[in-house]
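Shown next, in structure tokens, is the structure this report addresses.
The values are calculated or read from the model by the stated rules, or taken from the named source; none is laboratory data. Keep in mind that what you see is a predicted model, and the values were worked out from it rather than measured. For neighbour counting, all protein chains shown are included, and Cβ atoms are generated from backbone atoms with ideal geometry for every residue, glycine included.
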Amino acid sequence: MPDAFGLAAIVTKIALYLGVLTSAGTVMATLLFGLVRTRGLTLAFAILGSFATILAFSLRGANLTGDVSGMTDPEMLGLLWNTPVGTALLLRLVGLSLLITGLFMGRVGPWLSVLGGLIAIWSFAHVGHVYSRDTILLDIALLWHLLAVALWIGVLTPLKRLASSSNTYASAADVGHRFGIIASVTVPVLIIAGGYMGYQLVGSVSALIGTGYGQALIIKVLLVGGLLGLAAANKLRFIPALRSGDPVAAKHLSNSLSGEWLFILAVLSTTAVLTTHLTLPT
């Protein structure tokens, strides 16, 4: 069981994942699908990601000293700054700053925001278990995995908003259909990249079953399975029904998207435990 600093680190990591992936994914979805009224949502999650980035860095300092003084200790934070943790901090803050700046610019703004989101996502390749293995293939797998996750998360709230009003049912059906086409590529990429990383990090069936890390990974896979089930219902039932003009399908779609959000929160929480509290099998 993690101590108080450990619990704080897990909660902060969840906020970090939510902030970076949702803001980056929303700007990607906005550009891909021509979404409107997404600036406030994107800004809120980008700010969350920025605060979580700084807090996560400070908590690393507390972890070094063993008490809260490490969160503001210049010597400890200076040591961290000169490690990959400092590099990740810089990339996230630069990326999220570019993302936020792009929200208030003209024609080039969306592209600047996407660039910022990509930089912020890239920061995750500089720390953590994948980084410790120091292999290019794992880094590439992680980046593709995170990009697919970000786009999925980024489209959920705008799509739910469209499905919640009879005035935008047609737009919801169109965005849902177009996302389904893209997801037919990105979801297999997500699964393959995630499977490859899991295999490389765990290494054996015995480690998968017999270690805390492996057991948490099994829980994550089961949660992703539930998420895929809801997504399949959207793609195969609710979106086609909505495209054919069935207004009841909009309510089913909206409820299903809420369910997807719950599964995503559970997946991100499990991932935070994996990357913050648990160690890789030896």
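Points worth noting:
- Of all residues assigned to the stretch 83-93, at least one qualifies as being among the charged types (D, E, K, R) and either in contact (Cβ under 8 Å) with a residue 12 or more places away in the chain or on the phi > 0 side of the Ramachandran plot (or both).
- Here Arg60 meets each of (1) modelled with pLDDT of 95 or more; (2) surrounded by 14 or more Cβ atoms within 10 Å (Cβ to Cβ); (3) not hydrophobic (A, V, I, L, M, F, W, C) with one exception, condition (1).
- Looking only at the stretch 124-134, and only at residues there that are over 15 Å from Gly25 (Cβ atoms) and either in a loop (DSSP other than H, G, I, E, B) or under 15 Å from the mean Cα position of the chain (by Cα) (or both), the one that is modelled with the highest pLDDT: Ala125
- Taken over the stretch 141-162, residues that are small (Gly, Ala, Ser) and in contact with a Phe, Trp or Tyr (Cβ under 7 Å, 6 or more places away or on another chain) amount to 1.
- From the list Leu162, Leu222, the lone residue that is among the hydrophobic types (A, V, I, L, M, F, W, C), buried (at least 19 other Cβ atoms within 10 Å of the Cβ) and free of Cβ contacts under 8 Å to residues at least 24 places away in the same chain is Leu162.
- All positions within the stretch 30-60 that are small (Gly, Ala, Ser) and either without any contact (Cβ under 8 Å) to a residue 24 or more places away in the chain or farther than 18 Å from Thr101 by Cβ (or both): Gly34, Gly40, Ala44, Ala52, Ala56, Ser58
- Meets criteria (part of a helix (DSSP H, G or I), assigned by TED's automatic domain parsing to the domain that holds Gly34 and under 18 Å from Lys13 (Cα atoms)) for Ala150: no
- Lone qualifier among Leu143, Leu80, Leu91 - being within 26 Å of Leu278 (Cβ to Cβ), outside the structural domain of Ser23 (by TED's automatic domain parsing) and surrounded by fewer than 21 Cβ atoms within 10 Å (Cβ to Cβ): Leu143
- A Cβ distance below 7 Å, combined with a sequence gap of six or more or placement on separate chains, defines the contacts here; from the stretch 180-206, residues that are among the polar types (S, T, N, Q) reach residues that are surrounded by 15 or more Cβ atoms within 10 Å (Cβ to Cβ) in the pairs Thr186/Ala148; Thr186/Leu151; Gln200/Leu138.
- For the stretch 27-82, a tally of residues being aliphatic (A, V, I, L, M) and part of a loop (DSSP other than H, G, I, E, B) returns 2.
- Any chance Gly116 is assigned to a helix (DSSP H, G or I), buried (at least 18 other Cβ atoms within 10 Å of the Cβ), at pLDDT 90 or above and not assigned by TED's automatic domain parsing to the domain that holds Tyr213: yes
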